[in-house]
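*Asks:* Quick one: the structure is below, and I'll ask about it shortly.
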Amino acid sequence: MVDPEETDPRRVLEVADEASGLEAWIAVDERVDELAAGGIAQVAVPSADAGLAEAKRRARTWTLAARAAEIEAGGAQVLVRDTELGAEAAFEALGGPLDQLEPTLAVGFDEDLEEAQAASEHVNPEGTVPARAQAVGTLSGIQAVLWALEGDPRAEGSAIVLEDWTPVTRLVAQGLSEEGALVRVAAAEGDHGDVADAGHEAIEAEAWRDADADVLVPSSPGLVTSEAADRLAARGVCPAQVGTLASAKAREGLAERQVQTAPEALVAAGAVIEAVLVWREGQAPRVQDAIDRRLSEVYERTRRVLAEAADEGTTPAQVVRDRWG
């Protein structure tokens, strides 16, 4: 987590609901033509200050993502504190406060988000398929990392480890298998059967750190800490969601070990790109064409950032901040 900053009441809404156990932060980094967009996620945080700071950090990442993809929106993040009371009631209680703001779109992949979708039109807007768009962006990022490693973006014969078995990683695994990659999934024991049924190798949930792989695809919040970065066996990293890299220190540690790391602002923004274009322009076929075109640009944009970072001896995340910050 990052150090907490001063709260700007115009840009951060703190939400609490005792009955449901909801404690959440809605952070808006900026708006473009009155619209902000970003992620919604349930995350375990050690304190309210840490939750607020993490929401603001992620909101800034979404601003960079929107600028890089040239979509008309600023960045925002809805962060729900993980509690023992469960997510369904908390997400349902979040709908009202979210709708009180100027349009703030929130996309996510948690199955419990059905409650929030029912309560707010701003959560996973109608006409979007967040997991599909997210998977397309992630696959493009994996290709860019493979290019940085081997000079060839093709996944055929490469070893990919997916951390966690989610709606997004299921689609990523399918796409990689179709390209001829060797896919292993570090999943909870209860998911091993589903992973095997899908035709992939399941490994222990914690095995992602030590698994030999060309590319690791992390999904869990704050997964890759600075300590994990120092011992990671994978040669490359491509986040499937914003927030999987725990800190700037973790990113720097990966760069020092020459682990090629796709910046989350570029490769983990597929669902937000889709949500903004559908919200702005509706669901006509031409809009889907525009979404597909934006997603097709992720590979080349990420490849160029990785190349620039290597030339300048810095992190890809720093290149993104220099270009679009």
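*Asks:* Could you please find all residues in segment 120-134 being surrounded by fewer than 19 Cβ atoms within 10 Å (Cβ to Cβ) and part of a helix (DSSP H, G or I)?
*Replies:* R132
*Asks:* Need pairs with beta-carbon distance below 7 Å; first residue without any contact (Cβ under 8 Å) to a residue 40 or more places away in the chain and within segment 106-128, second among the charged types (D, E, K, R); sequence gap 6+ or separate chains.
*Replies:* Note: pairs meeting the criteria are E115/E88; E115/E92; A119/E92; S120/D99; H122/D99.
*Asks:* In segment 274-300, what count of residues is obtained for those that are of a type outside the set (D, E) and crowded, with 19+ Cβ neighbours inside 10 Å?
*Replies:* Of the residues in segment 274-300, 10 are of a type outside the set (D, E) and crowded, with 19+ Cβ neighbours inside 10 Å.
*Asks:* Same structure again: Kindly establish whether A76 is small (G, A, S), out of contact with any Cys (no Cβ under 8 Å at 6 or more places or on another chain) and outside any helix (DSSP H, G or I).
*Replies:* Criteria met by A76.
*Asks:* Residues of segment 210-233 being touching a residue at least 24 places away in the same chain (Cβ under 8 Å), within 21 Å of T166 (Cβ to Cβ) and within 19 Å of the chain's Cα centre (by Cα), which ones?
*Replies:* The answer is V215, L216, V217, P218, S219, S220, P221, G222, L223, V224, T225.
*Asks:* How about segment 135-164: which of its residues are touching a helix residue (DSSP H, G or I) at 6+ places or on another chain (Cβ under 7 Å), assigned to a helix (DSSP H, G or I) and not aliphatic (A, V, I, L, M)?
*Replies:* Hits for segment 135-164 are G137, T138, S140, G141, Q143, W147.
*Asks:* Could you check, for segment 151-158, whether at least one of its residues is surrounded by fewer than 24 Cβ atoms within 10 Å (Cβ to Cβ) and either within 14 Å of the chain's Cα centre (by Cα) or under 23 Å from A90 (Cα atoms) (or both)?
*Replies:* Taking every residue of segment 151-158 in turn, none turns out to be surrounded by fewer than 24 Cβ atoms within 10 Å (Cβ to Cβ) and either within 14 Å of the chain's Cα centre (by Cα) or under 23 Å from A90 (Cα atoms) (or both).
*Asks:* Select the strands (runs of 3 or more DSSP E) contained entirely in segment 165-241, then report the ones holding at least 1 residues which are at pLDDT 95 or above and surrounded by fewer than 22 Cβ atoms within 10 Å (Cβ to Cβ).
*Replies:* 182-186, 201-203
*Asks:* Right, next: Is it fair to say T314 is in a helix (DSSP H, G or I) and of a type in the set (S, T, N, Q)?
*Replies:* Spelling it out, it is not the case that T314 is in a helix (DSSP H, G or I) and of a type in the set (S, T, N, Q).
*Asks:* Could you go through segment 29-47 and let me know if any residue there is basic (K, R), part of a strand (DSSP E or B) and either in contact with a Gly (Cβ under 7 Å, 6 or more places away or on another chain) or within 22 Å of I273 (Cβ to Cβ) (or both).
*Replies:* Scanning segment 29-47 turns up no residue that is basic (K, R), part of a strand (DSSP E or B) and either in contact with a Gly (Cβ under 7 Å, 6 or more places away or on another chain) or within 22 Å of I273 (Cβ to Cβ) (or both).
*Asks:* Within segment 243-257, can one find any residue that is acidic (D, E) and either assigned by TED's automatic domain parsing to the domain that holds F109 or closer than 16 Å to E70 by Cβ (or both)?
*Replies:* No; the residues of segment 243-257 include none that is acidic (D, E) and either assigned by TED's automatic domain parsing to the domain that holds F109 or closer than 16 Å to E70 by Cβ (or both).
*Asks:* Could you look through segment 251-273, keep only residues that are surrounded by fewer than 24 Cβ atoms within 10 Å (Cβ to Cβ) and without any contact (Cβ under 8 Å) to a residue 60 or more places away in the chain, and pick out the one that is farthest from D152 (Cα to Cα)?
*Replies:* Checking each candidate, the answer is G253.
*Asks:* If I filter segment 93-105 for residues that are in contact with a helix residue (DSSP H, G or I) (Cβ under 9 Å, 6 or more places away or on another chain), closer than 27 Å to Q174 by Cβ, in contact (Cβ under 8 Å) with a residue 12 or more places away in the chain and not β-branched (V, I, T), do I get at least one hit?
*Replies:* Yes, the conditions are met somewhere in segment 93-105.
The values are calculated or read from the model by the stated rules, or taken from the named source; none is laboratory data. No experiment lies behind these values; they were computed from the predicted model shown. Cβ: placed from backbone, ideal geometry, glycine included. Neighbour counts: every protein chain shown.
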